[in-house]
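Reviewing the structure listed below.
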């Protein structure tokens, strides 16, 4: 009797064997499945990612494809864990894709990743991790590649606060998403203040439900507590809503935002004070001295979409290029179209250039990329804030090593400010 697992392995494994001859490999398009949010509060993250992959795939195809095969994209929507698993299986079984890229939500990734691992399907996650809180739930995956740790941006934002504002605050407050990510970011900030011997009194802790449209109660509480500095890991629409309402209320605290760059198209200099710490994750669209790759992509993106790309675009493009590097390395080593496990092994350690700079995957298949943060500055020819005092850090200095306990690592890591 043939069960679903055996059938799925046969569908993919048989294709890999049939593609042993280069001539056959070049005749059939390389089908890449994409799982991305297309509606709701995360829709713009999915669209940004898809745009970048399409841009990259077009360039690859003009240059001969990946190991001689033209790239063809098949898009399915990321929604709930249950429905996304079904769409993942549809991509593999019905669309017969060679690999799957995508996933923004860690909650969804936690559900889909074990399925991919069990069925031996190559899955590269754009922004999703398999962290349960700060603990890695899949430390020895073979086929699932994950984003940098969720806490990288919180570690860097805390270090930026210490770098620029040490000695300029004695009271702090937090306004963060009301789930594990927000709580871990806030705890990271407090742990790093303690690590660097900064004694600051916490005067308010505000927790916001993701997707809330009114933060006036939270802003009023912050105004009442009068903190010198506010740390926030709000993202999606929550961040611009909070900053706009905070500005309108007259809130004058220093603000540090871990992931403001993801919402840059919705931020305005009119309500983001100069000096605000702004995290741009793995990509800052207006980086001085940017690579030709970044400048070309940003220019073409702005011309076509009348917006600027974010780190979501960078992470999606990074995964496309990491996949290309892995396939071509394995094909060169074997002299044929490589099997899934051979591609996975070849992706590890292969350094590629993305829009935000160099990136690679560690042996545990967790990404390492460049991170960008700085202080908000206003410039008349841009409606949104740019950055001054830009700090660039590779993520091996921002995320725990493989197998390490996160909170113990915070206490002992060699942080450089």
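Please give the helices (runs of 4 or more DSSP H) falling wholly within the stretch 174-283 in which 3 or more residues are under 26 Å from residue 309 (Cα atoms).
180-195, 238-249
Checking residue 80 against (1) under 20 Å from residue 323 (Cα atoms); (2) surrounded by fewer than 16 Cβ atoms within 10 Å (Cβ to Cβ); (3) modelled with pLDDT of 95 or more: exactly one of these is not met. Which one?
Failing condition for residue 80: (1).
Residue check: is residue 123 over 13 Å from residue 229 (Cα atoms) and in the same structural domain as residue 321 (by TED's automatic domain parsing)?
yes
Working only within the stretch 139-153, note down all residues that are outside any strand (DSSP E or B) and either closer than 20 Å to residue 235 by Cα or within 11 Å of the chain's Cα centre (by Cα) (or both).
Answer for the stretch 139-153, where residues must be outside any strand (DSSP E or B) and either closer than 20 Å to residue 235 by Cα or within 11 Å of the chain's Cα centre (by Cα) (or both): 147, 148, 149, 150, 151, 152, 153.
Examine the stretch 335-353 for a residue that is closer than 14 Å to residue 387 by Cβ and not assigned by TED's automatic domain parsing to the domain that holds residue 169, and state whether such a residue exists.
No - not one qualifying residue is present in the stretch 335-353.
Matching residues to (1) modelled with pLDDT of 95 or more; (2) surrounded by fewer than 17 Cβ atoms within 10 Å (Cβ to Cβ):
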position: 363; (1), (2): yes, yes
position: 380; (1), (2): no, yes
position: 386; (1), (2): yes, no
position: 389; (1), (2): yes, yes
position: 396; (1), (2): yes, yes
position: 401; (1), (2): yes, yes
position: 405; (1), (2): yes, yes
position: 408; (1), (2): yes, yes
position: 413; (1), (2): yes, no
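Got a sec? Which strands (runs of 3 or more DSSP E) wholly within the stretch 312-402 have at least 3 residues that are in contact (Cβ under 8 Å) with a residue 60 or more places away in the chain?
Answer list for the stretch 312-402: 357-361, 367-377, 386-394.
Restricting attention to the stretch 25-42, report how many residues are modelled with pLDDT of 95 or more and either farther than 19 Å from residue 100 by Cβ or not in a loop (DSSP other than H, G, I, E, B) (or both).
Going through the stretch 25-42 one residue at a time, the tally reaches 7.
The values are calculated or read from the model by the stated rules, or taken from the named source; none is laboratory data. Quantities reported herein were computed from a predicted structural model and do not represent experimental measurements. Heads up, the Cβs are rebuilt from the backbone with ideal geometry, glycines too, and the neighbour counts pull from every protein chain shown.
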